[in-house]
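Here is the structure we will look at.
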Amino acid sequence: MASDRSLVVLAFGIAAIIVCLANAEKGDIDISICENMTESNTTSCAEKIANGDSPSLVCYRMDRRHKECCETCLRYRVTGETEACRYGDGEPSKCTGKDFQPSTCYYREYQTCCQTCRQYVKTDTTGKQRTQCKYGDRNPDKCMGSRFHPGQCYNKERYSCCETCPKYIRKDRNGRDLECKYEDNPKSCRGKNFDESTCYWRYRGECCHACRRRVRTFGVLKSPPTGDCKYGDRRPDFCKSLDPYDCNNNEGSCCQTCAPFQLTIKGCTYGDFPIIFDTDEGIFDCTDYLAVYGPEQCEDSLIRDKCCHTCWKSEKTKNISLLLATPLHIPDEE
């Protein structure tokens, strides 16, 4: 049995060499590419093919590793193909039938179905083969029927449905894409699934139209302390329980909530630090502490810093008292 197998392998090898030499004479194959390769100690490519393995699959894997494989595989090269597709489809069984469709070429175009996939490459308006979206929609099932809505094209579906999405682009009278070029996704942009804060990352996205309306009717009324607050707080639930002083670190997220807390006092934008004074007289906040120990406590830089609003009010009250206590000088009439 072993001798019979050896004869088969030998026959394959001799046939390969004869074909290679014949083709070399016609100029079709350069057999010199195999000269500097080493011999293999493992099962030969000729034997693998004789045992029923796919010639193209064997050759893609082995032709550049060993001299015997290189020489054997020369006979299986497809004339006129690129080097990357030199043996045609690597796994022909995967390139036909109900499981194969053009979209599978996005991940099978390299060797596996390279020859078959070439016939499915789409062309642009000039007749040239595309480099983008070259096989149409990447996930056709998601790009049709009830599972698809044009609003999804703002996000990842623009990539998955690259052939379908451009058909839904809305244009102005001059043929230019509108700012909100797709319809809103009703599942995401209406009812309880939608609020203004989501517009910070959905604007010009799947809720483009809804968010533009919110800017006009809601956002323009804001007076944010800093930055862009056209849709209100970015984290509404978090901002509900925010104390004024916390706005020092969260005004970007809670711009709407923090706006009413903002003061015009330099270095004291959001008032006193929530400090507690534990004294012999009791536990006090800034207001009670100064009421008990006097406004002169603000001469301490630490207290003035932590109780900036209370100290400012105390200083203002003091100035008003001094002004009221100053006699008003009225010149004598001549």
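The values are calculated or read from the model by the stated rules, or taken from the named source; none is laboratory data. Since the structure is predicted, the reported quantities are computational estimates derived from the model, not experimental observations. Neighbour counts run over all protein chains shown; Cβ positions are idealised from the backbone, glycine included. Remember, those area values only see protein heavy atoms, side chains included, never the ligands or the DNA or RNA. Shrake-Rupley method; radii C 1.70, N 1.55, O 1.52, S 1.80 Å.
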* Structure fact -> Quick count over the range 284-301, residues being crowded, with 19+ Cβ neighbours inside 10 Å and within 16 Å of Pro244 (Cα to Cα), is 1
* Say whether the condition of being on the phi < 0 side of the Ramachandran plot and modelled with pLDDT of 85 or more is met by at least one residue in the range 14-30. => no
* Looking at this structure, is Cys153 at pLDDT 90 or above and hydrophobic (A, V, I, L, M, F, W, C)? -> no
* Structure fact -> Contact list, first residue from the range 151-165 and more than 19 Å from Cys199 (Cα to Cα) and open to solvent by less than 20 Å² (accessible area, probe 1.4 Å), second anywhere and modelled with pLDDT of 90 or more and in a loop (DSSP other than H, G, I, E, B), beta-carbon distance below 6 Å, six or more apart or interchain, is Cys161/Asp137; Thr164/Asp137
* Can you work out which of the residues in the range 235-245 that are surrounded by 11 or more Cβ atoms within 10 Å (Cβ to Cβ) and free of Cβ contacts under 8 Å to residues at least 24 places away in the same chain is nearest to the chain's Cα centre (by Cα)? => Phe238
* Asked: Cβ-Cβ below 8 Å, separation at least six or inter-chain, first residue in the range 292-303 and more than 16 Å from Gly267 (Cα to Cα) and in contact (Cβ under 8 Å) with a residue 12 or more places away in the chain, second surrounded by 12 or more Cβ atoms within 10 Å (Cβ to Cβ) and of a type in the set (Lys, Arg): which pairs?
  -> Pro295/Lys318
* Look at Pro102 and say whether it is over 27 Å from Cys199 (Cβ atoms) and without any contact (Cβ under 8 Å) to a residue 60 or more places away in the chain. => yes
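For (1) acidic (Asp, Glu); (2) open to solvent by less than 70 Å² (accessible area, probe 1.4 Å); (3) more than 30 Å from Arg213 (Cα to Cα), each residue gets a yes or a no:
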{"residue": "Cys247", "(1), (2), (3)": "no, yes, no"}
{"residue": "Cys254", "(1), (2), (3)": "no, yes, no"}
{"residue": "Pro260", "(1), (2), (3)": "no, no, no"}
{"residue": "Thr264", "(1), (2), (3)": "no, no, yes"}
{"residue": "Tyr270", "(1), (2), (3)": "no, yes, yes"}
{"residue": "Gly282", "(1), (2), (3)": "no, yes, yes"}
{"residue": "Ile303", "(1), (2), (3)": "no, yes, yes"}
{"residue": "Glu315", "(1), (2), (3)": "yes, no, yes"}
